[in-house]
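One structure is given below, encoded as structure tokens.
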Amino acid sequence: MAQQHPITPPPELVREWMAEYFGCTASDELSGSERFLAARAAQWGADQELEACCEWLMYEQDRQGLRAARRPKPPSLKEQSIALIDRIQAAKEAWDISELGTIRRALEQLPDHE
């Protein structure tokens, strides 16, 4: 399931903006370009606000902390895989648990690639 970024405006709001701009009723479907432009504009505005807030902070460490808290990086594929193995092991479903340990060790040895 695709997860919508929290800064992306919901489709209903984008349709409302399109209707307001064009002076008509909102259509049911948004084009890819409409969704893309709305998301990029929202992201740009949010980034500008974040940087303005960071300028009010005295210490660079605090600025970095605020940026990290407000723009967290998604977990790596390795981290996601290990979390999945944890959930499978906890559920103790029809899995050979000893094989999952092997997969875990292999994943833990792989470097993270961004």
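The values are calculated or read from the model by the stated rules, or taken from the named source; none is laboratory data. Keep in mind it's a predicted model, so treat the numbers as computed, not measured. Heads up, the Cβs are rebuilt from the backbone with ideal geometry, glycines too, and the neighbour counts pull from every protein chain shown.
Table for the structure above
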item: Residues within region 61-77 that are in a helix (DSSP H, G or I) and modelled with pLDDT of 80 or more, tallied; result: 10
item: Residue in region 43-52 that is modelled with pLDDT of 85 or more, touching a Lys or Arg at 6+ places or on another chain (Cβ under 8 Å) and not in a helix (DSSP H, G or I) present; result: no
item: Positions within region 9-36 being under 23 Å from the mean Cα position of the chain (by Cα) and not acidic (D, E), in sequence order; result: P9, P10, P11, L13, V14, R15, L30, S31, G32, S33, R35, F36
item: Qualifying positions in region 7-16 - surrounded by 15 or more Cβ atoms within 10 Å (Cβ to Cβ) and farther than 24 Å from R71 by Cα; result: R15
item: Output for region 55-76, where each listed residue is surrounded by 13 or more Cβ atoms within 10 Å (Cβ to Cβ) and touching a residue at least 12 places away in the same chain (Cβ under 8 Å); result: L66, R67, R70, S76
item: Contacts under 8 angstrom Cβ, first residue in region 22-47 being surrounded by 14 or more Cβ atoms within 10 Å (Cβ to Cβ), partner aromatic (F, W, Y), 6 or more apart; result: A38/W17
item: Residues of region 47-94 satisfying the condition of being within 30 Å of E108 (Cα to Cα) and basic (K, R); result: R67, R70, R71, K73, K78, R87, K92
